[in-house]
Amino acid sequence: MSVSVDLTAQPASDRPAAPPAATRHGFIRLPKPSHLRRFLVPVLLVLSWQVAAQAGWISTRLMAPPLDIAAAAWSLTVTGELPYHLLVSLQRVVIGLAIAIFAGVSLGLTAGLSKLGEDAVDASMQMLRALPFLALVPLFILWFGIGETTKIALVALGATFPIYLTLFGGIRGVDPKLLEAGRILGLDRAGQIRHIILPAALPQALVGLRYGLGTAWLSLVVGEQINATAGIGFLVMDAREFLRTDVILVGLLVYALLGLGADQLVRMVERRALAWRPSLVREG
Amino acid sequence: MGDAVVTLRALTRRFHGSAVPPVLDRIDLTIRKGEFVALLGRSGSGKTTLLRTLAGLDPVTEGEASLPERRAVVFQEPRLMPWKRVWHNVALGLRGEAGTIRERALSALREVELSHRATAWPLTLSGGEAQRTGLARALVREPELLLLDEPFASLDALTRLRMQSLVAELWQAHRPAVLLVTHDVEEALLLADRVLVLAQGHLVEDLSVKLPRPRRRSAEGFDALRVRLLGTLGVDEDGHDATARAA
Ligand SMILES: Nc1ncnc2c1ncn2[C@@H]1O[C@H](COP(=O)(O)OP(=O)(O)O)[C@@H](O)[C@H]1O
Ligand SMILES: [Mg+2]
């Protein structure tokens with residue numbers, strides 16, 4: 001960035017890598033108006049939806065208007081129904097993700113850190129990955145029945161692959177020059193893994209975790225439509241029986257908010273764990 | 001030789017089998033304790049290859065090399081771990097009690113005048129600061145042999161001058177044996193006791209520099225040595241862009 005501004009013939013290397021203060025300032029200030037702009041369109045859409053419903057242009061039977069949805073969300077909350085189903089769904093995702101993180105990280109480390117491990121793990125993972133994992137639903141139902149296990153297994157399976165793949169890629173992508181520097185600084189293999197390989201792979205692995213979260217929600221939605229007796233998915237399926245589109249839409253909204261919240265959580269972890277990265281580094 | 005830190009005997013290094021001449025061809029070299037040696041040579045002449053052997057980074061397959069236990073390298077690129085704060089980079093790989101290690105790292109940073117950046121992230125450092133961190137990281141290990149592979153090559157002229165005098169001071173304070181790889185004849189003459197020139201796999205020059213310290217470009221005899229070394233490098237006397245060509 002500074003190169004294009006640099007008119008002198010000298011190398012620009014004795015200058016911080018971060019962009020000059022003016023640019024950085026602009027970066028912080030710019031998003032604000034555009035943030036508002038971004039919300040403008042959705043708000044207008046919701047407003048016109050409400051108007052259209054009240055004017056009778058949209059069948060309220062097939063598509064509940066925003067105010068009805070809000071009312072449904074409120075009554076579901078005060079009766080404790082929504083919190084209960086939310087908790088059940090959250091539990092499935094948390095357990096499934098925990099399994100996925102454990103499996104993805106173990107397999108990623110095994111394959112990434114040793115040639116033997118790569119031979120043992122990577123080919124099978126690549127093959128399994130090629131299979132759309134939701135196609136395994138019938139098999140899972142046969143194996144695990146239609147209870148919690150199938151739902152959790154689906155979440156875990158879907159989220160394992162992105163975590164594994166990005167961690168493996170991150171480990172293999174470590175700059176060999178840094179490894180060499182570590183070697184001459186007297187780091188043994190364990191020290192290299194701890195001080196160089198893992199920190200270098202972390203940015204990628206966190207991207208994988210975000211992808212993993214995405215597939216986890218997807219699996220949850222699918223899993224909860226298989227004969228569930230609780231959970232947001234059950235709430236939605238149940239509401240369908242009674243043509244309660246307001247409740248269905250509340251369920252969808254909750255899914256969306258959960259996904260968004262989880263994503264924000266990972267971003268927060270990223271901001272803390274990757275504070276050293278150029279885009280995040282701020283001069284103290 | 002009791003005070004030899006490095007001894008190479010007929011060291012040979014080839015990358016492409018025996019059909020092509022080797023990059024290093026039966027090199028003999030002794031570096032004494034505390035000696036400051038500069039290694040000059042055109043680009044691709046094998047300077048880095050020789051330095052890597054002295055660092056113990058490449059295996060010795062032909063010939064013999066005896067190297068000291070404690071070696072440290074400053075590479076052309078700083079090679080700092082971007083996820084570790086400056087002082088953690090300096091402390092990396094040190095063994096001992098945590099408090100002591102921290103003290104040692106901070107005192108090394110003080111020596112390279114970088115105390116105020118001790119807790120900074122490496123990616124916020126300027127080029128000169130990054131190389132000084134690399135220097136602190138090397139010095140904190142109290143090396144018997146300090147290997148510098150064109151550490152100033154990517155710095156601007158002023159920063160390079162400051163770094164050169166810093167290296168001279170640090171060497172006088174700690175007296176490690178130094179091998180400085182450079183393509184800059186004046187830099188070699190400003191710093192080294194001895195200047196080697198590598199060409200076609202051989203050390204074609206081994207020049208003792210007896211100029212008084214601190215070195216000045218205006219010192220008597222400086223220019224004569226400069227012209228001689230440029231001649232060995234196969235460059236005419238009228239030097240500036242010619243030195244750059246040798247880079
Ligand atoms: N790992 C390697 N594999 C193959 N050839 C190499 C390798 N390292 C260096 N060389 C070759 O050896 C020669 C000397 O390289 P190098 O020591 O880096 O030169 P210098 O540092 O003097 O510029 C070059 O021709 C280079 O291409
Ligand atoms: Mg080189």
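The set of residues from the range B:35-45 being modelled with pLDDT of 95 or more and part of a loop (DSSP other than H, G, I, E, B) comprises just one member, B:Glu35. The criterion of at least 1 residues that are closer than 30 Å to B:His88 by Cβ and either touching a Ser or Thr at 6+ places or on another chain (Cβ under 9 Å) or touching a residue at least 24 places away in the same chain (Cβ under 8 Å) (or both) is met, among helices (runs of 4 or more DSSP H) falling completely within the range A:176-284, by A:198-224, A:245-273.
When the range A:109-147 is examined, which residues are found to be of a type in the set (A, V, I, L, M, F, W, C), exposed (fewer than 12 other Cβ atoms within 10 Å of the Cβ) and assigned to a helix (DSSP H, G or I)?
Filtering the range A:109-147 for residues of a type in the set (A, V, I, L, M, F, W, C) gives A:109, A:111, A:113, A:116, A:120-121, A:123, A:125, A:127-128, A:130-131, A:133-137, A:139-144, A:146.
Now drop any that are not exposed (fewer than 12 other Cβ atoms within 10 Å of the Cβ), which leaves A:116, A:123, A:127, A:130-131, A:135, A:139, A:142-143.
Result: A:Leu116, A:Ala123, A:Met127, A:Ala130, A:Ala135, A:Leu139, A:Leu142, A:Trp143.
Filter the range B:107-122 for residues that are buried (at least 18 other Cβ atoms within 10 Å of the Cβ) and either more than 7 Å from every other protein chain (Cβ to nearest Cβ) or not aromatic (Phe, Trp, Tyr) (or both) and give the result.
First pass over the range B:107-122, keeping only residues buried (at least 18 other Cβ atoms within 10 Å of the Cβ): B:108-109, B:111-112, B:114, B:117-118, B:120-122.
Scanning the range B:107-122 gives B:Ala108, B:Leu109, B:Glu111, B:Val112, B:Leu114, B:Arg117, B:Ala118, B:Ala120, B:Pro122.
For the range B:40-60, the set of residues classified as farther than 16 Å from B:Gly201 by Cα and of a type outside the set (Asp, Glu) consists of B:Ala55, B:Gly56, B:Leu57, B:Pro59, listed by residue number.
Of the candidates A:Ile69, A:Ile101, the single residue that is assigned to a helix (DSSP H, G or I), touching a residue at least 60 places away in the same chain (Cβ under 8 Å) and more than 22 Å from the chain's Cα centre (by Cα) is A:Ile69. Only one of the numbered conditions (1) surrounded by fewer than 21 Cβ atoms within 10 Å (Cβ to Cβ); (2) closer than 30 Å to A:Leu274 by Cβ; (3) within 16 Å of ligand 2 (Cβ to nearest atom) is violated by B:Ser126, and that is (3).
One residue stands out among those in the range B:140-155 that are modelled with pLDDT under 95 and surrounded by 24 or more Cβ atoms within 10 Å (Cβ to Cβ): the one that is nearest to ligand 2 (Cβ to nearest atom), which is B:Pro151. Do we find a residue being over 21 Å from B:Glu144 (Cβ atoms), more than 14 Å from chain A (Cβ to nearest Cβ), within 14 Å of ligand 2 (Cβ to nearest atom) and within 13 Å of the chain's Cα centre (by Cα) anywhere in the range B:25-40? Checking the range B:25-40: at least one residue is over 21 Å from B:Glu144 (Cβ atoms), more than 14 Å from chain A (Cβ to nearest Cβ), within 14 Å of ligand 2 (Cβ to nearest atom) and within 13 Å of the chain's Cα centre (by Cα). Taken over the range A:188-219, the criterion of being in contact with a Phe, Trp or Tyr (Cβ under 8 Å, 6 or more places away or on another chain) and within 14 Å of another protein chain (Cβ to nearest Cβ) is satisfied by A:Pro199, A:Ala200, A:Leu202. Residues that are within 16 Å of ligand 1 (Cβ to nearest atom) and either of a type in the set (Phe, Trp, Tyr) or more than 18 Å from the chain's Cα centre (by Cα) (or both), at least 1 per element: which strands (runs of 3 or more DSSP E) completely within the range B:58-160 meet that? Answer list for the range B:58-160: B:62-66. The set of residues from the range A:210-238 being at pLDDT below 90, surrounded by fewer than 21 Cβ atoms within 10 Å (Cβ to Cβ) and over 30 Å from A:Glu270 (Cβ atoms) comprises A:Gln225, A:Ile226, A:Asn227, A:Thr229.
Looking across the range B:13-24, the residues that are within 16 Å of ligand 2 (Cβ to nearest atom) and either free of Cβ contacts under 8 Å to residues at least 40 places away in the same chain or not in a loop (DSSP other than H, G, I, E, B) (or both) come down to B:Arg13, B:Phe15, B:Leu24. Within the range B:47-54, does at least one residue satisfy the condition of being within 15 Å of ligand 2 (Cβ to nearest atom), crowded, with 22+ Cβ neighbours inside 10 Å and over 13 Å from B:Arg13 (Cα atoms)? No, there is no match, as no residue in the range B:47-54 is within 15 Å of ligand 2 (Cβ to nearest atom), crowded, with 22+ Cβ neighbours inside 10 Å and over 13 Å from B:Arg13 (Cα atoms). Screening B:Thr48 against (1) within 13 Å of chain A (Cβ to nearest Cβ); (2) more than 16 Å from ligand 1 (Cβ to nearest atom) leaves a single unmet condition, (2).
Taken across the range A:1-11, residues that are surrounded by fewer than 17 Cβ atoms within 10 Å (Cβ to Cβ), within 14 Å of another protein chain (Cβ to nearest Cβ), at pLDDT below 85 and part of a helix (DSSP H, G or I) do occur, with at least one present.
Of everything in the range B:78-92 that is without any contact (Cβ under 8 Å) to a residue 40 or more places away in the chain and of a type outside the set (Phe, Trp, Tyr), the residue that is nearest to ligand 2 (Cβ to nearest atom) is B:Lys84. If you scan the range A:227-246, which residues turn out to be aliphatic (A, V, I, L, M) and more than 25 Å from A:Ile152 (Cβ to Cβ)? Matches in the range A:227-246: A:Leu243 only.
Among the residues of the range B:148-165, those identified as facing another protein chain (nearest Cβ under 9 Å) and either over 16 Å from B:Leu180 (Cβ atoms) or touching a residue at least 60 places away in the same chain (Cβ under 8 Å) (or both) are B:Ser154, B:Asp156, B:Ala157, B:Leu158, B:Thr159.
Yes/no per residue for (1) surrounded by fewer than 22 Cβ atoms within 10 Å (Cβ to Cβ); (2) more than 14 Å from chain A (Cβ to nearest Cβ); (3) free of Cβ contacts under 8 Å to residues at least 40 places away in the same chain; (4) of a type in the set (S, T, N, Q):
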position	(1), (2), (3), (4)
B:Gly44	yes, yes, yes, no
B:Asp58	yes, no, no, no
B:Arg71	no, no, no, no
B:Ala98	yes, yes, yes, no
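The condition of being farther than 20 Å from A:Gly182 by Cα and among the small types (Gly, Ala, Ser) holds for only one of B:Ala72, B:Ala38, B:Ala91, that being B:Ala38.
The values are calculated or read from the model by the stated rules, or taken from the named source; none is laboratory data. Computed from a predicted structure; not experimentally measured. Cβ coordinates were reconstructed from backbone atoms using ideal geometry, including for glycine residues, and neighbour counts include every protein chain displayed.
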